[in-house]
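Have a look at the structure below, then the notes.
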């Protein structure tokens, strides 16, 4: 019997991609306004988003890891802005300017951050049947504002933020915590998420049924991870959960 539904937040419940896209466009406009000689402000905004998602080169990894390990996400992001501008020949960018660019990106992204259409109605329906636990990776710096923006606590029973835990998905410990909060066994839960490496692998490591939100991503054969269920888009979640709940 299904007792609990575990859910990723970004790109599962919420359209983070759309929020990022809007924030990137506004960041590019701001950069072009500040630096008229800047050749490609869109590329800098794109590189900034890749950077905050830890898509680092080896050089960036060596440079930024010590800053992040000091639990100073804000300082890392300011340094990232400064470095990206320096790489395009914009020298002597002050920390205040870099911080303003970073803060404006965060503000624009949060203002655009929201649930996918129909998700809040689904959560209200599902909550009458299951314990709902959101498990989201990421630092408190970015995840707490998102959680607060959408008033997530009003829609689910428990929220686990990876940046507040000893380990993040796919670690078994974070799924064990979710099972404890939901007061159920692994076979009584389903986990829904868009990341094969984090969500699906983590669910499988814990013996939990997995649902992968594909979002046009290819199934990476090298990972050797095969979801129990695959959906093309979050809009398909309600129908699948209803089907799986049928006796």
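Over the chain, what portion of Cα pair distances is larger than 24 Å, expressed as a whole percent? Intermediate results must be reported in sequence, preceding the final value.
Numbers: 15175 of 30381 pairs.
The calculated P(r) of the chain puts 50 percent of pairs beyond 24 Å.
Would you order 230, 82 from fewest to most other beta-carbon atoms within 10 Å of each residue's own beta-carbon? Walk me through the numbers on the way to the answer.
Numbers: 230 15, 82 21.
Lowest count first: 230, 82.
Rank the residues 64, 35 as a footprinting-exposure proxy: fewest other Cβ atoms within 10 Å of their Cβ go first. Present the calculation step by step, with values, prior to reporting the outcome.
On the way: 64 19, 35 16.
Ascending Cβ contact count within 10 Å gives the list 35, 64.
Using a Förster distance of 41 angstrom, determine the FRET efficiency expected from the C-beta separation of residue 68 and residue 246, and round it to 0.05.
On the way: r = 45 Å, r/R0 = 1.10.
The formula returns an efficiency of 0.35 here.
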Under the helix-only model (-39500 (n - 2.57) for each DSSP H run of 4 or more, divided by the residues of the chain), the mean residue ellipticity at 222 nm, to 500 deg cm²/dmol, is -15000 deg cm²/dmol
I want to verify a result. In a Gaussian network model of the chain, Cα cutoff 10 Å, which of these has the top mean-square fluctuation: 78, 93, 211? 93
Exposure proxy check: 59, 46 ranked by fewest other beta carbons within 10 Å? 59, 46
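Given Cα pairs under 8 Å that are at least 6 residues apart, what percent is the relative contact order of the chain? Don't jump to the answer; show the numbers that get you there.
Working: 352 pairs, mean separation 59.9, N = 247.
Dividing the mean separation by the residue count of the chain yields 24 percent.
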On the first, second and third principal axes, largest extent first, how far apart are the outermost C-alpha atoms of the range 17-112 in Å? 32, 30, 23
Among 39, 28, 75, determine the one that fluctuates most according to a GNM of the chain built with springs between C-alpha atoms less than 10 Å apart. 39
Picking from 100, 214, 36, which is most flexible by a Gaussian network model of the chain using Cα springs under 10 Å? 36
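Given R₀ = 35 Å, what would the calculated FRET efficiency be for residue 34 paired with residue 233, taking r from the Cβ atoms and rounding to 0.05? Let's see the in-between values first.
Details: r = 37 Å, r/R0 = 1.06.
The pair residue 34/residue 233 has a calculated efficiency of 0.40.
Rule-based calculations on the coordinates, nothing more; no lab input. Predicted, not measured: the structure shown is a model, and the values here were computed from it. Please note: Cβ atoms are built from the backbone with ideal geometry, for glycine as well, and neighbour counts cover all protein chains shown.
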